Amino acid sequence: MILLDGRKTSSDIKDEITLEVAQLKKDGKKTPHLAAVIVGNDGASKTYVGAKVKACNRVGFESTLVELPEETTEETLLAQIEELNNNDDIDGFIVQLPLPKHIDEQKVIMAVNPDKDVDGFHPTNVGKMALNLPTFISATPFGILELLERYKVETSGKHVVVIGRSHIVGSPMSILLSQKRTVGNATVTITHSRTTNLKEITLQADIVVAALGIPEFLTADMVKENVTVIDVGITRVEDNTKKSGYRLLGDVAFDEVSKKSAFITPVPGGVGPMTIAMLLKNTLLACKRSN
Ligand code: GUN
């Protein structure tokens, strides 16, 4: 079993980006600048956004964190987005999801200028991704492609089973892996909560991408020997033995599934750190495009 080490890979990518940023600065070019907007006080979201800002510092990007209170109106948030759209110093920005219930998420995503949409969530960018045109690929699927590439996991002709059809992970992942690209050319089955014979399908998988958000859902009896497993789940479960009061669980029962795996991502330290590296990559791309 080979661990797909997201921490190490993400660190390697950040080192590569650091070098590029140093060169941009040396050439008198603009320093990449990422902004993040967070609305409300969700603990996990705050942690993620904090990590994104910290990563910007590490690679030499500029960063701006916009923190808005829970009761922020949709109108105020849309005005904030317009400001970021029009601010030439900001190369790219994200609005951390989920948003408070009184705000229409789709409306917010649509308000972001596609050229600054480093999350790749705007329909224009999703459409380009689906057509295999150059665009911002959202950080989580992009990070998974990168992990598979760097560990030389063969995808061409393989059967990939994706569990979960979210707009952020399952759906783009299934599209990307089926495309004619370096990491792609797979036969992809996308499954979800209405799939009736899931185990029958996962047992045929060379690669499983578990992105449904149910802790330890994928068990050893559901996979064949030498499977590659990508665990996108990250659920906080109460654990009073931890200082934080919780521990993180993936969608895969790691201890038992890893015994049958050729490659597997751990949680934490697998897909999670990769998403941050790829967000930086998209921001660098946005900056170079606007230069
Ligand atoms: N919430 C969970 N994942 C993401 C992400 O990749 N981007 C944003 N903006 N919010 C998220």
Each label sits 7 Å from Cα toward the beta-carbon; between Asp27 and Glu74 the label points are separated, in nm, by 4.3 nm
Quick calc of log₁₀ I(q)/I(0), the chain, Debye, one scatterer on every Cα, no solvent, q values 0.11, 0.12 1/Å, result -0.66, -0.79
Result row for the chain, helices from DSSP H with C-alpha axial extent 15 Å or more and mean Kyte hydropathy at least -0.5, is 43-59, 139-150, 271-290
Karplus ³J(HN,Hα) for region 239-256 (6.51 cos²θ - 1.76 cosθ + 1.60, θ = phi - 60°; Hz, whole; x = Gly/Pro) runs 8, 6, 7, 9, 4, 6, x, 8, 10, 9, 10, x, 7, 10, 6, 4, 4, 7
Taking a ≥ b ≥ c as the square roots of the Cα gyration tensor eigenvalues, with a/c under 1.5 meaning rounded and otherwise prolate when a/b beats b/c or oblate if not, region 177-291 comes out oblate
Site Asn113, offset 7 angstrom along Cα→Cβ, radius 18 Å on amide nitrogen, limited to region 69-104, gives 77-95
Note: Asn226 to Lys180 extended length (0.36 nm per residue) minus current alpha-carbon separation gives 14.1 nm
Taking 0.36 nm per residue of separation between Asn85 and His192 and subtracting their Cα-Cα distance, the length gained on full extension comes to 35.0 nm
With a ≥ b ≥ c from the Cα gyration tensor eigenvalues, square-rooted, and the rule rounded for a/c under 1.5, otherwise prolate when a/b > b/c and oblate otherwise, region 104-215 is oblate
Note: region 93-144 at 10 °C, 1.306 mPa s; Kirkwood Rh on alpha carbon pairs; Stokes-Einstein D in µm²/s works out to 138 µm²/s
Phi angles of region 106-114, converted by Karplus (6.51 cos²θ - 1.76 cosθ + 1.60, θ = phi - 60°) into ³J(HN,Hα) in whole Hz with x for Gly and Pro, give 4, 4, 5, 4, 5, 7, 6, 4, x
Contour minus Cα-Cα span, Thr64 to Lys152, at 0.36 nm per residue, comes to 28.1 nm
Rounded to whole angstrom, the alpha-carbon centroid of region 160-178 lies from that of region 253-273 at a distance of 18 Å
A convex hull over the alpha carbons of region 176-219 yields, per residue, a volume in Å³ of 90 Å³
Restricting to Cα pairs under 8 Å and 6 or more apart, the percent relative contact order of region 147-230 works out to 32 percent
With Rg from the Cα atoms and Rh as the Kirkwood inverse mean 1/r over Cα pairs, region 48-116 has an Rg/Rh of 0.96
If exposed means GluC sites (Glu not before Pro) lying in a DSSP loop and surrounded by at most 14 other beta carbons within 10 Å, then the longest stretch of the chain lacking such sites spans residues 72-153
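Each reported figure results from applying straightforward, stated rules to the coordinates on display, with no laboratory input. All values reported here derive from a predicted model rather than from experimental measurement. So basically every Cβ, Gly included, is an ideal-geometry build from the backbone, and we count neighbours across all protein chains shown.
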